[in-house]
Amino acid sequence: MKTLLRLLLKTQHPRNRSGSAQTEKGMTLVELLVGAIMAFLIITPMLGFVVDMLNTDRREQVKSNTEQDIQAAVDFIAQDLSQAMYIYDNRALNGPTGPNEQIVGPQLPPNANGTPILVFWKRQQLKNSLPINPTVAASVKPINCDAQNPRQCNDTYVLSLVAYYQIRDNNSTWCQPAGGNCPTRIVRYEIRDGIDRLIDPSVPGGAATYGTGNTTTAQQTDPAFNTSTDAVPATSFSLNNPTVNVTNPTGLANPRSGAQNPQVLVNYIDNSTQNVPVPTGANCQTLLGFVPPAVTPAGTPAFVPDHLLITDRSGNSAHSFYACVDTSKNIARVSIRGNSLRRLQPNDTAYNPNKSAFFPTATVQVQGLGAVGQ
């Protein structure tokens, strides 16, 4: 209390103070400079440490995202392949051909920047698309098979051609961050039959089809699907001779066709061309346990292991998406290699065995279990 009173008296009566003026204590300029230098020496390494931690965390997050994307793509392909009825090997896609065979590659969706890697026929399910009986079909058509007509329609299956391509281009949408060597991506094409060609059981005579008026666009036959019947063998398609007349050539250019509307499955597939692992047909033969036929039919090219391996065989191939296919057992082994560095930066993203963690790889082997009538 006494101290407080003294302080008040000094404040109120400054003129009554005696003695020499008291000096206010503070920091000199030298002391401020020394403190600033010491703070700089301490904070700078700490700041660098924090920035390094943030960069490391970002890299780990990008690695994790790339691994998840690659695994999700492989899982999707595996599910797709499980319904495969026929899988094309490299000889079927790119030749050489035997008697009564055609090279399939030119019959597929055209893409100057893409390479077909995995191509197969499958049974595609169309959910809630077909009236359950002729009585229902009299009032409910496929176009009406929706939530407003519950339990009036069943699922059905149609034949579908599926093709996975590896695309290499400089499309800015899929090349971020911009600049440098753009990554590749995997796209999926699908060309399928429809139920518009099915007979409408509610119409007397048994000759009228549902047509486009009674079906949705998703239920209709793809313009590139070959609808030619066996009555015209020169243009018809059959799984008994799966390399001939695979698609309708004029329909491939139709904007409504799946051949013109691919879906991107996954991006940031590695596009490195140096020091990359190179698959071989011999490796495919070993991994698939393929045993060449003892007798080769007359005119059929003799077996070589490269008939099993489907990959981009251009001079600067990345071999980051490839398939080993045994058509005789309807088995495919698919491998994908991503590039997480390309998500972070446009340069210095080339494959390096010492940085393999940034190039996650996933592989799956699937036997197609689909069959006509199943």
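Data for the structure
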| read-out | value |
| --- | --- |
| Residue-count net charge about Leu118 - beta-carbon cut-off 14 Å; Lys, Arg +1, Asp, Glu -1 | -2 |
| Computed accessible area, Cys153, all protein chains, 1.4 angstrom probe, square angstrom | 10 Å² |
| Cα pair distances in segment 44-99, grouped into 5 Å bins until the bin that holds the longest one, percent each | 4, 15, 10, 11, 10, 9, 9, 7, 7, 5, 5, 4, 2, 1, 0 |
| Net charge contributed by nearby residues that have their C-beta within less than 15 Å of Thr243 (K/R +1, D/E -1) | -1 |
| Cut-off of 10 Å, at most 13 other beta carbons, DSSP loop: longest stretch of the chain lacking such trypsin sites (Lys or Arg not before Pro) | 26-150 |
| Label of the coordinate-derived value, Rg/Rh (Cα atoms, Kirkwood Rh), listed as [x] 1.01; [y] 1.09; [z] 1.33 | [z] |
| FRET efficiency, 1/(1 + (r/R0)^6) with R0 41 Å, evaluated for Met27 and Asp169 via beta carbons | 0.05 |
| Area of Phe49 that stays accessible when all protein chains are in place (1.4 Å probe, Å², to 10) | 120 Å² |
| Projected label distance in nm at Val232 and Val34, using a 7 Å step from Cα toward the beta-carbon | 9.8 nm |
| Å² of accessible area per residue within the chain, as computed with a 1.4 Å probe and no ligands counted | 56 Å² |
| Percent carbon-and-sulfur accessible area, the chain, ignoring ligands, DNA and RNA, probe 1.4 Å | 55 percent |
| Mean separation of Cα contacts under 8 Å, 6 or more apart, over the residue count of segment 233-374: relative contact order % | 22 percent |
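The values are calculated or read from the model by the stated rules, or taken from the named source; none is laboratory data. Here the structure is a predicted model, which is why all the values come from computation and not from measurement. Positions of Cβ are backbone-derived with ideal geometry, glycine not excepted, and every protein chain shown enters the neighbour counts. Ligands, DNA and RNA are stripped out before the accessible areas are found, and what is left, the full protein with its side chains, is counted by its heavy atoms. Shrake-Rupley method; radii C 1.70, N 1.55, O 1.52, S 1.80 Å.
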